Amino acid sequence: MRLRKGDLVEVITGEERGRRGKIMKIERDKKTGRNRVLVEGLNLAKKHQRTRSAEKPGGIIDLPNPIDVSNLVLLCPKCGRKTKVKREVHDGRRVRICRECNEIIDA
Ligand SMILES: [Zn+2]
């Protein structure tokens, strides 16, 4: 898996192509075994929510639907370009490296 929670990604296919957001959650689809990604503010679906408590009133809320990982591309936090990562071991730690600028992405 080349993406992680907190990564900034861009959508590369579909209606929201070109839109960007931060990964909130990554989950594995149990049926297909593919990784699906929840991105902040993207692929929103209206959902009717029942009132659960006074603090959480019901109503219609926008919830992101998961996006298949193959529809997303990582934006490098160092150079800002769309990139793929390669993995290397640095000081005994596996890190991700941007193929565009060769900087280590993981802090
Ligand atoms: Zn880069």
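Which condition from (1) surrounded by 14 or more Cβ atoms within 10 Å (Cβ to Cβ); (2) at pLDDT 95 or above is the one that Leu42 breaks?
In the conditions (1) surrounded by 14 or more Cβ atoms within 10 Å (Cβ to Cβ); (2) at pLDDT 95 or above, Leu42 misses (2) alone.
Identify all residues within segment 91-105 that are surrounded by 13 or more Cβ atoms within 10 Å (Cβ to Cβ) and more than 11 Å from the ligand (Cβ to nearest atom); write none if there are none.
Within segment 91-105, just Val95 meets the criteria.
Which condition does Gly21 not pass, out of (1) small (Gly, Ala, Ser); (2) away from the ligand (no atom under 16 Å from the Cβ); (3) without any contact (Cβ under 8 Å) to a residue 12 or more places away in the chain, if it passes all the others?
The failed condition is (3).
If you scan segment 77-90, which residues turn out to be of a type outside the set (A, V, I, L, M) and either under 13 Å from the mean Cα position of the chain (by Cα) or more than 9 Å from the ligand (Cβ to nearest atom) (or both)?
Let us first name the residues in segment 77-90 that are of a type outside the set (A, V, I, L, M), namely 77-84, 86-88, 90.
Those that are of a type outside the set (A, V, I, L, M) and either under 13 Å from the mean Cα position of the chain (by Cα) or more than 9 Å from the ligand (Cβ to nearest atom) (or both): Lys82, Lys84, Lys86, Arg87, Glu88, His90.
The values are calculated or read from the model by the stated rules, or taken from the named source; none is laboratory data. Just so you know, these numbers come straight off a predicted model, no measurement behind them. In this analysis, Cβ positions are derived from the backbone assuming ideal geometry, glycine residues included, and neighbour counts consider all displayed protein chains.
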